[in-house]
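Peer 1: I am attaching a structure below and will ask some questions about it afterwards.
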């Protein structure tokens, strides 16, 4: 019996040693990263459950060909850890597509007076994206056709974050003040021409801050959208024009209305009636027509007085754009995960929130290679934990609500590369 025990023990040690030695061979390490045991939510592919995700290695530039981002190799249960150079323990966490913030201001520059177009109120993206699970941002109108080349050179080409652009209908871009009131600088043809020329980076058009009761800017941006076959995003300015007319008469299916939950009685037509506090009927009609409603939280554009009645009526935003800039970050908005946490508090379910922050914006900007975890797709991944406790949420007017759940980013993977790891949940890289 004793002899049999030693034989079995020796066989077991030899077997384990053989497995360990075999697993060190490069030929068996076919995945660069393996994410184990997470709750995968992938709205495009209708996945909502425990799965593993394996990632192939990125391909470096060679033979005159550009480098390629790593791709998702496999989504399945119980993938063998011996097949990966690095393993990420995602037990108890949500694994989602890399988040897409469809409304940001990242055309950063040295001047305070240039506002959101090459100005210092915008932010450099990488310091604010990856820690929130965001891998792709859309700059919402910072650059116009006159300034896009500067934006591309200084921001798009310099960022690890994937940066796309909604080109402003104003040629000078979002420089504020008189620049954005200048109808003479709103040229649909030149704007569309610049978008088509830069279609790898431009995904649509933006109108914002126009303060006169005049439909001309809307007509011009929609014209640009038709020429380039791209969506438009509208920040409805301060002209006291009819929101119903904008949504049902001027915008096309696929166009985007942002700052959905703004409460500005003196200047902007709301989705929730100021007196009755009921969702206005045309809002759901417009959403059913295909108009996309973006949060666009910002530093002045989200109020619980609008959000509570809208949600109670069964109306939810399509996308979780933040209106990210230096002022919104330090006020109530903070980041996309905080915005998502607020809508979780308001009653939106987790899969719908993830969709509104990933697959829905990818569809809205016609970049369906993003925002999903399809095998063969780009390996942009966010790993999120759900914190429990007492958390305060404010709107832009200072109204406070208290929730018990809050999203937190544990890890962000961009193009197959770990760019953020909050609590060191990735194992050391195995020797190749």
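Here, each number is a calculation from the coordinates, and none is a lab measurement. Because the structure is a prediction, the values reported are computed rather than measured. FYI the Cβ positions are ideal-geometry reconstructions off the backbone, even for glycines, and counts take in every protein chain you see.
Peer 1: Hey, of [x] 21.2, 66; [y] 24.3, 86; [z] 23.9, 96, which did the structure itself give for Rg and Dmax of the Cα atoms in Å when calculated?
Peer 2: After the calculation, the listed value that fits is [z].
Peer 1: Would you order 323, 139 from fewest to most other beta-carbon atoms within 10 Å of each residue's own beta-carbon?
Peer 2: Ranked by crowding around the Cβ, least crowded first: 323, 139.
Peer 1: Over the range 67-198, what lengths in whole Å, largest first, do the semi-axes of the equivalent ellipsoid take, defined as the square roots of 5 times the eigenvalues of the alpha-carbon gyration tensor?
Peer 2: Each semi-axis is √(5λ); the values are 38, 16, 12 Å.
Peer 1: Residues of the range 305-336 with the amide nitrogen closer than 14 Å to a label point 7 Å from the Cα of residue 112, along Cα-to-Cβ, please.
Peer 2: Flagged as within label range: 327.
Peer 1: Shifting gears a bit: In whole percent, what relative contact order does the range 97-376 give with Cα contacts below 8 Å and a gap of six or more residues?
Peer 2: 17
Peer 1: Can you give the extra length, in nm with one decimal, that the chain gains between residue 331 and residue 154 once fully stretched, where that is 0.36 nm per residue apart less the Cα-Cα distance?
Peer 2: Additional length available on full extension: 61.0 nm.
Peer 1: Would you kindly state how much longer the chain becomes between residue 74 and residue 349 on full extension, computed as 0.36 nm times their sequence separation minus their alpha carbon distance, in nm to one decimal?
Peer 2: 96.3 nm
Peer 1: Another question, if that's okay. Could you tell me the center-to-center distance, by alpha carbons, between the range 216-247 and the range 105-177 in angstrom?
Peer 2: Each part's Cα centre sits 21 Å from the other's.
Peer 1: Please give, to one decimal in nm, the separation of the simple spin-label points placed at residue 81 and residue 282, each 7 Å out from Cα toward the Cβ.
Peer 2: 5.9
Peer 1: Could you sort the peptides 408-419, 380-391 by per-residue average Cβ neighbour count (10 Å cutoff), highest mean leading?
Peer 2: 408-419, 380-391
Peer 1: Relative to the first principal axis of the alpha-carbon coordinates of the chain, what is the inclination of helix 2-23, with its axis defined by its Cα atoms, in degrees from 0 to 90 and to the nearest 10?
Peer 2: Relative to the chain, helix 2-23 is tipped by roughly 40 degrees.
Peer 1: So, in nm, how far is label residue 50 from label residue 275 when the simple model puts each one 7 Å beyond its Cα toward the Cβ?
Peer 2: Result for the modelled spin labels: 5.7 nm.
Peer 1: On to the next question. What value, in deg cm²/dmol to 500, does the helix sum -39500 (n - 2.57) over DSSP H runs of n ≥ 4 give at 222 nm once divided by the residues of the chain?
Peer 2: -6500 deg cm²/dmol
Peer 1: Grab the Cα-Cα distance for residue 183 and residue 390, subtract it from 0.36 nm times how many residues apart they are, and report the gain in nm with one decimal.
Peer 2: Contour length minus Cα-Cα distance gives 69.7 nm.
Peer 1: Test of understanding: ordering 72, 292 by Cβ neighbours within 10 Å, fewest first, what list do you get?
Peer 2: 72, 292
Peer 1: Starting from 0 in steps of 5 Å, tell me what percent of the Cα-Cα pairs of the range 142-190 lands in each bin.
Peer 2: 5, 23, 28, 20, 14, 8, 3, 0
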